[in-house]
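A.B. asks: Input: one structure, supplied below.
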Amino acid sequence: MDILIQLGHGFVNCLTPINLILLTAGIVIGLLIGVLPGLTLVMGVALALPFTYKMDVTASIILLGAMYVSGTYGGAFTAILFRIPGEPIDVPMLWDGYTMGRKGQPAKALGWTLVAALGGGLLSAIVMVALTEPLAKFALRFSSPEYFVIVMFGLLSVVAIGKGSLANAFISMSVGILIATVGVDPIYGAERFTFGSPILADGIEFLVVMVGAYGVGEVLTRLETGFSTQPIQKIKNARTELPTWKEFKEVKGMFFRASVIGDLIGLLPGAGATIASFVSYGIEAKFGKKKHLMGTGVAEGIIAPQAAATASVGGALVHLLALGIPGSGATAVILGAFMLHGIQPGPQVLVTSAPMVYTIFASIFLGILLMCAIGYLAIRPLIKILDFPEAVVSAYVLILCFIGALSIRNNVTDLWLIIAFGVIGYGFERLKFPVAPLVLGVILGPIAEDSFMNTMISFGNDWTVFFTRPISGSIVAFTTIVILLPFIQKLWVRLVTAPQTAGRK
């Protein structure tokens, strides 16, 4: 009952004029980011982060959280109507959403998408409210050894779950941690990697790294291709047609299943909406009632990825708020917003800042409802943004990057740093190194260092304490399993496919 009372107060706070304006702005911006091909959700949230510097912390998180939620939905418009996924999240949407549209039912496909986003989002918001406080109470038993291993779990699970080469992901994360060490040592006060530069003595702001790697790096990548995105063919009478109650009853079981899958995957550090979308579609294609029809334009192929993607938002926010560990690239940026305002998310935040937390909870509920209302009523203006030339959009992105960099410390050196990290982000993209582990390394590296040094001081340099304490030892064991899982999967595939290949010979 106490949770409901605090959530009620959160709704009242959300309905204040400034918070409601920022919530609406966040929803609209997130939808536009989702619609624009090449402008990713994480990149959009990172670009908005510097502009929250002068805001109240609650207002900042409301804005960024609204962008996060609506960004999982906006790309479905272009995927269904134009066969252009605005995000990697929306790739599975092509297989049935675009196919249904080609069959003359784009309005119906958009209707299924809206219902899936609404239901999956509301379920994830309920899970978020229900799980955050119990998890935070459990985490109050943590000491510095537990904090260190949970931060390492967050870092290493991103490496293990991430796409592409594990070695590249690990190198990217290590570079991020190395960047985080620049400046003054927090324990001994010694300067590290400053090379006599006063600006580096203050450390490298994680905002500079994020905005440079995601924003400037993406612009340089698109510049290399000559902004070659093809013009979009106009679609007249774009609208949304909601499914009937009878149609919904036929898929309610798989709808709930997809939402639960999205919530569970969102709870895994580093997984995020893209993995939730692909996994949910894959499960439906293998075990669903209409698995033989998947890819032919059925509702199940639209609901599965969309419901899971939106549902993953609540799961990702649970351990950000309860443990201080981001569950996705976007929540890593939101963690940066908390830290920008001097707040470290974790078990204490519900004790010291409960009104703020429940206002954020309420904003997610309201944001999902507002997202679906705007998506239903404003689809034509939203896809109108596709008329803008790619070069013009990239120019605006670059301007926002430089304004954001200059607003951090009002120092021109940050402009050079943001260009440098833009080049690094571009180089990472060319060499197939993921950027997300780099950013997480920059944000979580100092937290891991502080926890490790405090543990060594408190326990007389006894490193075995990480393994002998029950909670930290259990987390170490679980982290080891997560790291080894990709290797076990590869070994299993070899053991299964090798005999089949030999049999064919």
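A.B. asks: Mind checking which helices (runs of 4 or more DSSP H) fall wholly inside region 297-393 and carry at least 3 residues that are in contact (Cβ under 8 Å) with a residue 40 or more places away in the chain and over 30 Å from Gly154 (Cα atoms)?
C.D. replies: On the way: elements: 300-323, 329-340, 349-352, 354-377, 379-384.
Those helices (runs of 4 or more DSSP H) span 300-323, 354-377, 379-384.
A.B. asks: Ok, one more. Across region 457-475, what is the total count of residues that are surrounded by fewer than 17 Cβ atoms within 10 Å (Cβ to Cβ) and of a type in the set (A, V, I, L, M)?
C.D. replies: Final tally of qualifying residues: 2.
A.B. asks: Oh, and also: Looking at Leu340, is it closer than 30 Å to Leu140 by Cβ, in contact with a helix residue (DSSP H, G or I) (Cβ under 9 Å, 6 or more places away or on another chain) and either of a type in the set (A, V, I, L, M) or modelled with pLDDT under 80 (or both)?
C.D. replies: Details: closer than 30 Å to Leu140 by Cβ: yes; in contact with a helix residue (DSSP H, G or I) (Cβ under 9 Å, 6 or more places away or on another chain): yes; either of a type in the set (A, V, I, L, M) or modelled with pLDDT under 80 (or both): yes.
Yes.
A.B. asks: Continuing with this model, one more query. Residue under question is Gly473, and the condition is that it be under 30 Å from Gln344 (Cβ atoms), in contact (Cβ under 8 Å) with a residue 60 or more places away in the chain and part of a helix (DSSP H, G or I); does it hold?
C.D. replies: So Gly473 does not fit the description; no.
A.B. asks: Which condition does Ile89 not pass, out of (1) over 17 Å from Ser70 (Cβ atoms); (2) part of a helix (DSSP H, G or I), if it passes all the others?
C.D. replies: The single condition Ile89 does not satisfy is (1).
A.B. asks: Here is a follow-up. State the number of residues belonging to region 72-90 that are farther than 12 Å from Leu110 by Cα and modelled with pLDDT of 75 or more.
C.D. replies: Number of matching residues: 3.
A.B. asks: With the requirement that a residue be out of contact with any Asp or Glu (no Cβ under 8 Å at 6 or more places or on another chain), closer than 25 Å to Gly75 by Cα and hydrophobic (A, V, I, L, M, F, W, C), what does region 310-343 give you?
C.D. replies: Answer for region 310-343, where residues must be out of contact with any Asp or Glu (no Cβ under 8 Å at 6 or more places or on another chain), closer than 25 Å to Gly75 by Cα and hydrophobic (A, V, I, L, M, F, W, C): Val313, Ala316, Leu317, Val318, Leu320, Ala330, Ala332, Val333, Ile334, Leu335, Ala337.
A.B. asks: What residue, of Val35, Val69, Val42, Val57, is closer than 19 Å to Thr359 by Cβ, buried (at least 21 other Cβ atoms within 10 Å of the Cβ) and either aromatic (Phe, Trp, Tyr) or touching a residue at least 24 places away in the same chain (Cβ under 8 Å) (or both)?
C.D. replies: Val69
A.B. asks: If Pro434 meets every condition in (1) surrounded by fewer than 19 Cβ atoms within 10 Å (Cβ to Cβ); (2) in contact (Cβ under 8 Å) with a residue 24 or more places away in the chain; (3) assigned to a loop (DSSP other than H, G, I, E, B); (4) not acidic (Asp, Glu) apart from one, which number is that one?
C.D. replies: (1)
The values are calculated or read from the model by the stated rules, or taken from the named source; none is laboratory data. This one's a predicted model, so the numbers in the text were calculated from it and none came from an experiment. Every residue, glycine as well, gets a Cβ built from its backbone with ideal geometry; the counts of neighbours run over all protein chains shown.
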